[in-house]
Amino acid sequence: MSATQIPQISTRRRRTDKLMRGSLFAGTMIALIPLILIIFYLLQRGLGSWSKSFFTTDPTGSFFGNPGGIRSAILGSLEIVAVATLISIPVGIGVALYLTEYGKQSWFANTVRYFVDVMTGVPSIMFGLFIYIVLVLAHVGGSGFAGWKGSVALALLMLPIVIRSAEVVLLLVPSSLREAALALGAPRWRVITRVVLPTARSGLVTGSLLAVARGMGETAPLLFTVAVAFGVTGNLNQQMNTLPIQIYTDIQSPRSEIVARAWGGALTLVVLVLIFNVVARAVARRSRMA
Amino acid sequence: MTIRRISAFATAVVVAAGVAACGSSSSSSSSSGTKSSSSSAPATINGAGSTLAAPIYQQWGSTLKSQNLTVNYNPVGSGAGQTSLAGATVDFAGSDPALKPADLAKMKGPVLQYPVAFGAITVSYNLPGLKSGLKLDGSTIAGIFSGKITKWNNSAITSLNPGMSLPSTSIAVVHRSDSSGTTDGFTTYLSDVDATWKSTIGAGKDVKWPTGTGGKGNSGVAAVVKQTTGAVGYVEQAYAIENNFTYASVKNSSGTYILPTIPNTSAAANGITVPPDLGISTINSPNSSAYPIVSQTFIDTYKDPCKDGGATSSTASGLKRFLTYAFGTGQSTLGAGSGQLPYAPLPASLVSKNQAQLATMVCNGSPVL
Amino acid sequence: MEAATTVAGGRSVLERSPAGRLPDQVLKWGLTALAAAILVLLAYFFIRLVGQSGNVFSTYGLKFVFGNDWDVSRNIYHGGALVAGTLITSAIALLIGVPVAVASALFIAEMCPRRLRGPLSVLVDLLAAVPSVVYGLWGVFVLCPHLLPAEKWFASTFSFIPWIGGGVPALYNYFIAGLILAIMILPIVSAISREVIATVPAENKEAALALGATRWEMIRMAVLPYSRPGITGGAMLGLGRAIGETIAVVLVIGNAPVIGKHLFSQGYTLAAVIANEFGEATGIHTSALFASGLVLFVLTLIVNMIARWFVTRGAHGTRGTGATGMTIASGPASET
C-alpha cells in the first residue's frame, strides 16, 4: 500500500491561522492595556498625595487653604461598609441556607432564585433612590441623610452577591455529610450549624469578602442617602464622609491640590478593594473542595 | 489555616474600625483661630445649596469648629438647596435667588431669608494668549452663550476690543448642568440687556442652553473651562481667582466697562430697595460704578426649625449661633484684603435688618436661646 | 428483654419531642420568611418606583420615552435623548468590548500556555475590581485630554461617514463614555466566555484537528458555534451592566440632554440624569427622574432575562446558573 499523501495546509490557510491567532493575542494584550494604564496613573498621580497627614487629617473644606487629608472618608467608609456587612451577610447566608436546605427546587425557591438574579442586575443608583424615598425623606430614625441609611442601601446591593455565592458553596457540601449527621440523630438545625456551615466556611468567607470589596467601591447608593460631611462624626445617624463620595466630589473641583487628593483617595480605595479581593482568592484557593 | 485566620482578622478589622470610629467623637483638628469666649454646647448643623457661596460657608465651618459648632455644607446648587430645605433634610439652604411665592409654597412652614454676601459672576475664559483687557457687553455675551457667536475673532467681539488680536479658535461655551442660582443671576442679567435672550431662553435657575457643555456647580464649570482651550463660562469670582482665570470687563447700565473687583461688587449693593422679606436683587444694579453681574446670596431657614424642620433645640441654637456669626464676625472674613474671601460684605443697614429678623426665630414657639 | 419503645404521650423513643422539634421549626420558618422577605422587598421596590413615577406617563405618555425635549426650566420631560444616549453608549461598549473580551477568552482558554492561564485570567478579572468612581477619575483626567487630538484627527479624516466623522469633538462625549463602559464590561464578558468555551467537548475540538484543521479553523468550526449562545448571554449581561452604569458615565459624557449629532458629541444617559438632577428636583421633575429609573430598571430586567436564557442554554456541561451565577454576581472568583 502506498503511503497516502497527507494534504498540506495551503499557505492561505496557514496565513489566516497565523493572522487570527495573532489577533487573539493582540486582543488579549488590548484587554490588559487599560489595567496597566489605570495602575500606572493611579501610582503616578496618587502616590504623591500619600503622606502621614493625608491619612491622619480630615478634609478641611476650606476654600483657599490646605485641603486636608481623607481620614474621615476612610473611617466613614469602613463604618458604613461594616454595618452593611453585618446586615447583608447573615441575611444572605440565611436565604442561601433556605434555598439549599429547605427550598431546593420548589417553585418558591426557584422564584426566589430568579428574583435574586434580577437584583444583581439592578443599577446601583436605584438602591440609593429607593432608600432615599423610604428612609431619608420619611425621616426614619429622626434624621434626613444618615450613615446607616447608606449602609442599608449598600446591604441591598451586596445581598444578591452573598446569596448567589453562598448558595454555590453550600451546594458543594457533600450530601453524604448531611445524611451521616442526620442518620446519627442530629436535629436539622444542628446539622446546619455543626456540619454544613463549618464545611462551607471558607467559601462563605470568600463570597462575603468579595461582596465587601464590591460594597466599598460603590458611590451611587451613597449619593442620596449619606450626603456629605467633612469631619469624623462617628454618629451613624448623621451625614458622614465616605471615600467614594469624597473622590467623586474632588474630581469635580478645579483646584489641582484637590484633584491630587482625588488621585490619592482613588489609590487608597483601589488598595482597600484589592486587599479584600486578594484575601478572598487566597481563602478560596487554600480550601478548594476536591 | 493561616489564610483563614487572616481573612477572619480582616473582617474583624473592618468591624472593629467601624466600632472604634463610632466611639471616637468629632475630630480634634487644631484650631488656628482664636478661641471665642462663647464656646457653647456642641452642635451640628447641615446645609446645602448655592455653590456661589460655598467657599464662604466652608471657610466659616472651618473656623466655627473650634467653637464647638460643626457646619456640614453640601454645595449642590441653589435649586437643590431649596428642595432639601423643603424636604427638611437640611437645617439651612444656601440660595442665591430670593425665594419666590412658588418656592415658599413648597416649604413646610414660613421661611426666613438672610442676605449674607455679594459675589460677582465673572465671564471667565481660557485663551492662553489673552491675559487681560477683554471687553464684552451684554448683547455680545448673549450672542456667545446662545451659540450665535462661535469664534473668538467674530466681528462682534473684535469691534469691542480694537487693537487686540483675537484668535480664530472656536468658542466652547460652558454652563451649569445643575439647578443654579449663579445661572439665575447670569440669565437675569442677559434677559435684562438682550431682548432676544429674554424671549428665546429667558432667566431662571435652569434654562435650556442651546449650546455648550454642562458642568456641575461653579467648580464643575471652572474645571471644564480650565481643561478646554477657547472655553468661556460664567463662574463666581472666588472660583475664578482660585484658578487664575482671566475674565472680561463687562459693560454696565451706565455704559462703562467694569471689572469685577470687590469695590465694584459692593457698589452694586448701594442704593437698592430692600423689601420687607429681605429678598433683594443686585443684578444689573443702577449704580454707575457697579459691576453689572453681581449676585446676592441668602441663607434660608425655617422660622421655626424645630416644628417645621425637625430640628432639636440644640440644633436650633446652633443655627442661631451660625447666623449671628454670619452677619457678625463672619463678615470680616469677606473683602478685598489678603486672606479675605473675595466677596463683598453686607452694608450696615442690611446687617441690622438681619439681626432684627433673627430675633424672630423660634423653636416650637418659644424664642431660641 | 423488652426495650422501651414509647415514652410519655405515646411517642416512639426514636422520635423527637415537640420541644426538641421546636428549634428546627423555628429555623425552617425563619429562613423561609427571610427568603420571602426578599420577594416582598423587591415587590415593594417596584411598587414604590411605579408609584413615584406615576403621573409622568399619564402626563407625557409615550413621548416620555420617544420625545426629544428634556427641558427642566419649562418642566417638559421627554426623555428620548436620554434613552438614545443610553443605547448609543451601550452599543459602543458592546462593539468595542465584546470582540476584545471574546478574543481574550479564546486566547486564554485555547491558545496560551497552561501555566499562564491562571495569571492572565486573574489580570483580566482585576478590571472588575476597580471601582466605577476610579474609572471616572481616570476617564476625566487621562482618557479625555489624551484622546482628544486623536478624536479630532479621526473626525476630520473620516468626515465622509455620517455620524461617525465630521463634527468637532467635545472634551466629554459618547465615545469616551462608551470606551470606559467597554473596559468595565470586559471582565464579565471575558469570564463568562472563558467558562463557556471551557465546556466545549474535547471530542469536537479533536475531531476538527484530526480532520486537518488549523488551530484557528478548529476554533472557528468547533469552539465558536458551540459556545455562541453562552457568549451571547455573556455579552447581554455586559450590556445590562453598561446600561445601568452611572458614576463613570456621568463624569465623562458631557451631560447635555440632546441627541448628539456625531460620535464625539456630548450626550446624556438615563442613569446620569438621575445622578445629576435628583438632588434639586421637585414635583413632576422628581417623578420624571423616577420614571427614568423605571425605564432603566425595565431595560436591565429585559436584557438580563434574555442573557440568562442564553447563558443557561449555552453552559451545557457546567452547573449553568451555579458557577456562572457566581461569576455574574461577584466577578473575579469563580470556583467550581
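Only the coordinates and a few stated rules stand behind these numbers; no lab work does. Just so it is clear, the structure is predicted and the values come from calculations on it, not from any experiment. For neighbour counting, all protein chains shown are included, and Cβ atoms are generated from backbone atoms with ideal geometry for every residue, glycine included.
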For segment C:1-115, shape from the Cα gyration tensor axes a ≥ b ≥ c, cut at a/c of 1.5 then a/b versus b/c, turns out oblate
For peptide C:139-147, what's the mean number of Cβ atoms from other chains within 10 Å of each residue's Cβ? 3
Cβ-derived FRET efficiency at R0 22 Å, A:Val134 paired with B:Lys100, nearest 0.05: 0.10
Taking the dipole of segment A:71-289 about the Cα centre (Lys, Arg +1; Asp, Glu -1; charges at Cβ), the one of A:Ile125, A:Trp263, A:Ala166 that reaches farthest to the positive side is A:Ala166
What is the set of long-range amide H partners of B:Ile258 at a cut-off below 5 Å, with H atoms built 1.01 Å from backbone N? B:Val250, B:Lys251, B:Asn252
Separation between the A:Ser175 and B:Lys131 pseudo-spin-labels, each 7 Å from Cα along Cα→Cβ, expressed in nm? 8.4
In terms of modelled amide H atoms, which long-range or inter-chain residues lie less than 5 Å from the amide H of C:Gly67? C:Gly79, C:Gly80
In nm, to one decimal, how far is the C:Arg220 label point from the A:Thr16 one, both placed 7 Å along Cα→Cβ? 0.3
Tell me, in nm to one decimal, what length is gained between C:Ile284 and C:Ile164 on full extension, where the rule is 0.36 nm per residue of separation less the Cα-Cα distance? 39.6 nm
Within chain A, which is the longest segment that contains none of the trypsin sites (Lys or Arg not before Pro) sitting in a DSSP loop with at most 13 other Cβ atoms within 10 Å? A:105-287
Determine, from the Cβ-Cβ distance of B:Thr211 and C:Ala37 and an R0 of 41 Å, the FRET efficiency 1/(1 + (r/R0)^6), rounded to the nearest 0.05. 0.20
What ³J(HN,Hα) values, in whole Hz, does the Karplus curve 6.51 cos²θ - 1.76 cosθ + 1.60 give for segment C:292-308 when θ = phi - 60°, with x put for Gly and Pro? 4, x, 5, 4, 4, 4, 5, 4, 5, 4, 4, 4, 5, 4, 4, 4, 4
Partner shielding of B:242-253, as the mean number of partner chain Cβ atoms within 10 Å, equals 1
For C:Leu209 and A:Thr193, extending 7 Å from Cα along the Cα-Cβ vector and measuring point to point gives, in nm, a value of 5.4
Expressed as an acute angle from 0 to 90° and rounded to the nearest 10, what is the orientation of the C-alpha long axis of helix B:54-64 relative to the principal long axis of chain B? 30
With point charges of +1 on the Cβ of Lys and Arg and -1 on the Cβ of Asp and Glu, referenced to the Cα centre of the protein assembly as shown, which listed residue (C:Phe57, C:Ala182, B:Asn287) lies farthest in the positive direction of the dipole? C:Ala182
Using the Karplus equation 6.51 cos²θ - 1.76 cosθ + 1.60 (θ = phi - 60°), what ³J(HN,Hα) coupling, rounded to whole Hz, does each residue of segment A:27-34 give in order, writing x for Gly and Pro? x, 5, 5, 4, 5, 8, 4, x
Restricting to Cα pairs under 8 Å and 6 or more apart, the percent relative contact order of segment A:104-161 works out to 40
Given a Förster distance of 30 Å, the FRET efficiency implied by the Cβ-Cβ spacing of B:Thr150 and B:Asn244, rounded to the nearest 0.05, works out to 0.70
Highest-MSF residue in chain C out of C:Ala248, C:Ala210, C:Ala222 [GNM, Cα springs under 10 Å]: C:Ala210
Taking Cα centroids, how far is segment C:144-170 from segment A:200-249 in Å? 39
Amide H to amide H under 5 Å from B:Asn74: which residues, 5+ apart in sequence or cross-chain, H placed 1.01 Å off N in plane? B:Gly47, B:Ala48, B:Gly49
In the calculated pair distance distribution of the protein assembly as shown, what percentage of Cα-Cα distances lie above 53 Å? 22
Between 0 and 90°, nearest 10: helix C:174-198 axis offset from chain C longest Cα axis: 30
Under the Karplus relation with 6.51, -1.76 and 1.60 and θ = phi - 60°, whole-Hz ³J(HN,Hα) for segment B:135-147, x at Gly and Pro, equal 10, 9, 10, x, 5, 5, 4, 4, x, 5, 6, 9, x
For helix C:18-60, report the angle its Cα long axis makes with the longest principal axis of the Cα atoms of chain C; keep it between 0 and 90° and round to the nearest 10°. 20
